[in-house]
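To start, the structure itself, in structure tokens.
The values are calculated or read from the model by the stated rules, or taken from the named source; none is laboratory data. What you are looking at is a predicted structure, and each value in this text was computed from that prediction instead of being measured. With ligands, DNA and RNA removed, areas are computed over all heavy atoms of the protein, side chains included. Shrake-Rupley method; radii C 1.70, N 1.55, O 1.52, S 1.80 Å.
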Amino acid sequence: YSGQPIIESMLVLPIAHGGLSSMIADGKRAITVRVNEVIAVAGFVLPGSYVDVLVNIKNANGSTFSKTVLSKVKILAVAQETEANPKKPKIVNAVTLELTPKETELLDVARSSGNLSLSLRNEFDQSSDVSSGTNFNELLIIGKHQNSEKENFSIPNANKIEIYKGNLKSEY
């Protein structure tokens, strides 16, 4: 940016080819994942942002399960852009993440096993709080582990399924 001081971490070695590969930290790898405007937090994921990566899969019982698989992951590039323009969110179809080799393998298994989502983090947030995952049954028991005000929450028609085909309604 205009007027921004140049610091050593912005420079590459004279023998480096530059480009994205020179931006990857030692011991890290870059891997790109396909996203859409929802997965990429409506275009607010920018190069330099930090995200948590979640996977939504079916467990052995066939129940839907969501789990944070990677925490505080740096975004290296959005589409083919490596510089952020925070004034102009951009809808993209791919983001490139900076990961350790093991995290890269974990992400590769996660993306081939289910649907990925990105959760945008505050860049200064150092917490590593990650839940053990959430399944569909926990979603239906909203408030079980929340405060007493939410403990009395009930889901209306929890045992009823309504199916609409055109203007016809069926209940089960």
Within region 68-98, track down each residue that is open to solvent by 50 Å² or more (accessible area, probe 1.4 Å) and either modelled with pLDDT of 90 or more or of a type in the set (S, T, N, Q) (or both). LYS72, LYS74, GLN80, THR82, ASN85, ASN93
Looking at (1) at pLDDT below 90; (2) more than 14 Å from ILE31 (Cα to Cα); (3) open to solvent by 30 Å² or more (accessible area, probe 1.4 Å), which one does GLY43 not meet, given that it meets all the others? (3)
